[in-house]
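The values are calculated or read from the model by the stated rules, or taken from the named source; none is laboratory data. Bear in mind that the values here come from a model prediction, so they are computed numbers and not experimental data. Glycine also receives a Cβ, built like all others from the backbone with ideal geometry; neighbour counts cover every protein chain displayed. Each accessible area value is taken on the protein alone, full model and side chains, heavy atoms only, with ligands, DNA and RNA left out. Shrake-Rupley method; radii C 1.70, N 1.55, O 1.52, S 1.80 Å.
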Amino acid sequence: YFQRSLFWAVYPGMFKAHAQIGEAAYFENPQWYERDRHLFIKYIPLISRLDEAGWQPVPLAAVSPKAIRIERYGDFTKGTLAFSLHNPAKTEQTAKLTLDARQSKLAGAPQAREWIGGQALSVRRTGGNFTLTLRLPAGGYGVVGIQR
């Protein structure tokens, strides 16, 4: 749920689903919010980064396999460029992200980091594009930040 929220850069909502039967609201039940506290600590700052960077309607990138979903946030020239990825398949996938250097205004040798796991990703220049790959678990998500 937190990773799906991160993909869209929307804050997770915890609501009172069964008010008519007297079920406790999420934040009225310490067992629930204490159980999930580490998720809030990890994902809310990441969601904030994407939200502040701003969603961009045109990704200026391609991803394969084609079933992988992609969203772009921010701008390279402002140091806020990031891509969120979702693998809807029931098997782990290796996603290849190809960025158009000219359209994305990528200069020099950009660096990439996957935000959820924190690992650095290798970026290769291929003609006028930059490419990188990352593994996405079945039904899983990833966010790639691109920096100078």
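Scanning region 73-92 for residues that are open to solvent by 10 Å² or more (accessible area, probe 1.4 Å) and touching a Gly at 6+ places or on another chain (Cβ under 9 Å) turns up ASP75, THR80, HIS86, PRO88, ALA89, LYS90, GLU92. Looking at (1) under 21 Å from ARG148 (Cα atoms); (2) exposed (fewer than 13 other Cβ atoms within 10 Å of the Cβ); (3) not acidic (Asp, Glu), which is the only condition GLY13 fails? With (1) under 21 Å from ARG148 (Cα atoms); (2) exposed (fewer than 13 other Cβ atoms within 10 Å of the Cβ); (3) not acidic (Asp, Glu) applied to GLY13, the lone miss is (1). Before we move on, is LEU39 surrounded by 12 or more Cβ atoms within 10 Å (Cβ to Cβ), in contact (Cβ under 8 Å) with a residue 24 or more places away in the chain and in contact with a strand residue (DSSP E or B) (Cβ under 7 Å, 6 or more places away or on another chain)? Criteria not met by LEU39.
Tell me which residues, restricted to region 99-116, are open to solvent by 60 Å² or more (accessible area, probe 1.4 Å) and not small (Gly, Ala, Ser). Correct list: ARG102, GLN103, LYS105, GLN111, ARG113. Does LYS96 satisfy the criteria of being open to solvent by 40 Å² or more (accessible area, probe 1.4 Å) and within 23 Å of ALA138 (Cα to Cα)? Against the criterion (open to solvent by 40 Å² or more (accessible area, probe 1.4 Å) and within 23 Å of ALA138 (Cα to Cα)), LYS96 qualifies. Just name the residue that is surrounded by the most Cβ atoms within 10 Å (Cβ to Cβ) out of those in region 122-143 that are aliphatic (A, V, I, L, M) and within 25 Å of HIS38 (Cα to Cα). By that ranking, first place goes to VAL143. When the residues of region 26-60 are filtered to those that are more than 20 Å from ILE116 (Cα to Cα) and in contact with a helix residue (DSSP H, G or I) (Cβ under 8 Å, 6 or more places away or on another chain), the one that is modelled with the highest pLDDT is LEU60.
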